[in-house]
Amino acid sequence: MSVLASKISLIKVNPRLTLAKFCRLFSSTPAFRAQAEAAQPPLTLTTDSNGIRTICLNDSRKRNALSLAMLESLLQDLDRDQEELRVVIIKASGPVFSAGHDLKELTQEKGLEFHEKVFSTCSDVMNLIQDLPVPVIAQVQGLATAAGCQLVASCDIAVASQSSQFATPGVNVGLFCTTPGVALGRSVPRKVAMEMLFTGHPISAGDALLYGLVSKVVPDSQVEQETMRIAERICETSKDVVALGKAAFYAQVTMDKKNAYRYSEKNMVKNLNQHPSNKII
């Protein structure tokens, strides 16, 4: 007997079973849940064209929350097939770039191990963005909060619409944005980061540009065009040189000035010897 037939038989046995109760009963079956999950659109949509990979966060119904499943999907999209890859663009569907972690996953019922996996996977995504040998650009339209703001801060370049806003509001719900603060504190002045973390108040796109959280602010209608212009310009440069330069930049930025210069000197020499055919102007 099929699942549906067995449930219908319950109505015959118990005529007082209402249609609403029947629907709840049927929707609780593993078979129904599996079919419902299969029917859901993918959490991320990815396209590859001429060396540019565009990853779109595709869960606007949940404000593109960085659930564990979303983070795992994003991690997979970032890490695969890098041979022809030159640039990655991360954007989002709907009016919110990302509202951060899915708070429904951070309840006590989920347990310590699950929570550790969520934050560990999130850190893996943020680290991979900066470890990739190609530039990663955030194309931001709308609100980016908590881990969503962390995602923007972790990208190498960020292009934002004029209507975008950025916040780390975890303090307002009793969960301090400690991990978002890692990326935020490395992108904006310390006192700006602390005010955002302590108050949870959002900042405008203009202020985000002023403080260094984003690279450029453009009218809402021009965000995609400007992001693509930057990506296409990067594609005109040497992939190997960009990879060397990105790795060197993130390595030296945590050093003291003298060691940063010594390290960078060696990388300039390495660059010259590895790519002697490059035109030096």
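Using the structure shown, decide if LEU213 is part of a loop (DSSP other than H, G, I, E, B), on the phi < 0 side of the Ramachandran plot, at pLDDT 95 or above and open to solvent by less than 40 Å² (accessible area, probe 1.4 Å). Criteria met by LEU213.
Could you tell me which residue of the stretch 72-109 is modelled with the lowest pLDDT, considering only residues that are over 20 Å from PHE176 (Cα atoms) and assigned to a helix (DSSP H, G or I)? Selected residue: ASP79.
Within the stretch 120-176, the set of residues being surrounded by fewer than 21 Cβ atoms within 10 Å (Cβ to Cβ), among the hydroxyl-bearing types (Ser, Thr, Tyr), in contact (Cβ under 8 Å) with a residue 40 or more places away in the chain and farther than 22 Å from THR54 by Cβ comprises just one member, SER123.
Screening the candidates GLY142, GLY100 for the property of being touching a Phe, Trp or Tyr at 6+ places or on another chain (Cβ under 7 Å) and either closer than 18 Å to ASN58 by Cβ or of a type outside the set (A, V, I, L, M) (or both) yields one hit, GLY142. On the given criteria, is ALA193 touching a strand residue (DSSP E or B) at 6+ places or on another chain (Cβ under 8 Å) and open to solvent by less than 80 Å² (accessible area, probe 1.4 Å)? Answer is no for this residue. Would you confirm whether any residue within the stretch 64-83 is under 18 Å from VAL140 (Cα atoms) and open to solvent by 60 Å² or more (accessible area, probe 1.4 Å)? No, every residue in the stretch 64-83 fails to be under 18 Å from VAL140 (Cα atoms) and open to solvent by 60 Å² or more (accessible area, probe 1.4 Å).
Residue count for the stretch 95-117 under the criterion of being over 18 Å from VAL173 (Cα atoms) and either touching a residue at least 40 places away in the same chain (Cβ under 8 Å) or within 13 Å of the chain's Cα centre (by Cα) (or both): the result is 5.
The values are calculated or read from the model by the stated rules, or taken from the named source; none is laboratory data. The structure displayed is predicted, hence computed values, not measured ones. With ideal geometry, Cβ positions are generated from the backbone for all residues, glycine too; neighbour counts draw on all protein chains shown. Heavy atoms of the whole protein, side chains included, go into the accessibility calculation; ligands, DNA and RNA do not. Shrake-Rupley method; radii C 1.70, N 1.55, O 1.52, S 1.80 Å.
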